[in-house]
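The values are calculated or read from the model by the stated rules, or taken from the named source; none is laboratory data. What you see is a predicted model, and the numbers here were worked out from it, not measured in a lab. A quick note on method: Cβ atoms are made from the backbone with ideal geometry, for glycine too, and the neighbour counts reach across all protein chains shown. Surface accessibility is based on the protein's heavy atoms, side chains included, excluding ligands, DNA and RNA. Shrake-Rupley method; radii C 1.70, N 1.55, O 1.52, S 1.80 Å.
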Amino acid sequence: MSEVMEFNAFTQELIRQLRATDQFGSWAKMSDEELLAKKYVKTKEDLKQIPIIADIDEMLIGEIKMIFKAVALQFERKTGVMCNVVMEMSHEGFGRCIVIADKIVLVDKYFKDAHRFSFRTLEKLYEEGEKYLNASFEIYNKFKPCI
């Protein structure tokens, strides 16, 4: 693994979420970076092992939703505005996840082939999460006067 990046607000929340789901302490000895890499990073070689057409399992759906929950919780921490995360996913991996605050949609992400969902590096995961979080603040501030 390359140099360790400093965790951003999104990443810290995602780690909290992952650690909270480890009810038996299976990941206690793993570093935060190792845990994030295990859950969210797949190389091109890893993806070659996953069929193009396959059903998605519930665990992966939960891990994808956890990314958006981390965005929602950080948004709540910074603004005090409660958010909801809604995710609808077919067994084939087609679906959508949205993050809503008040009547404003902060994040709207469509998925196809979600069973192959991953990032190439931890840095890409950090960047994507931070991008969602920053965009959610911009969208909320832009549309807040409309509600």
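Values for this structure:
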quantity	calculated
Distant-in-sequence amide H partners of VAL41 (H built 1.01 Å from N, under 5 Å)	PHE119
Portion, in percent, of the accessible area of the chain that falls on carbon or sulfur, probe 1.4 Å	53
Segment GLN12-GLU92, extension gain: residue separation times 0.36 nm, minus the distance between their alpha carbons	25.8 nm
Highest-fluctuation residue, THR11, THR43, THR121 considered, GNM on the chain with Cα pairs under 10 Å	THR43
Point-charge dipole on Cβ atoms (K/R +1, D/E -1) for region 1-77, about Cα centre, debye to 20	80
Sequence-distant residues sharing a close amide H with PHE7 (under 5 Å, placed H)	none
Positive-pole candidate from GLY80, ILE52, SER26, dipole of region 26-105, charges at beta carbon	GLY80
Most fluctuating residue given options ALA101, ALA37, ALA28, as computed from a GNM of the chain linking Cα atoms under 10 Å	ALA28
Most mobile of GLY25, GLY95, GLY129 in a GNM of the chain (Cα contacts under 10 Å)	GLY25
Net +/- balance of residues flanking LYS48 in space, Cβ distance below 12 Å, scoring K and R +1, D and E -1	+1
The chain, relative contact order [Cα under 8 Å, separation at least 6], %	28
Dipole magnitude (debye, nearest 20) for region 2-147, charges at Cβ of Lys, Arg, Asp, Glu	300
Charge dipole (debye, nearest 20) of region 71-147; +1 at Cβ of Lys and Arg, -1 at Cβ of Asp and Glu	120
Probe 1.4 Å, accessible area per residue of region 47-147, Å²	58
Note, ³J(HN,Hα) from phi for region 134-142, Karplus 6.51, -1.76, 1.60, rounded to Hz, x at Gly and Pro	4, 5, 5, 5, 4, 5, 4, 5, 5
ARG77-LYS29 FRET efficiency (beta carbon distance; Förster radius 22 Å; 0.05 resolution)	0.20
Calculated FRET efficiency for the pair LYS48/GLU128, C-beta based, R₀ 25 Å, to 0.05	0.70
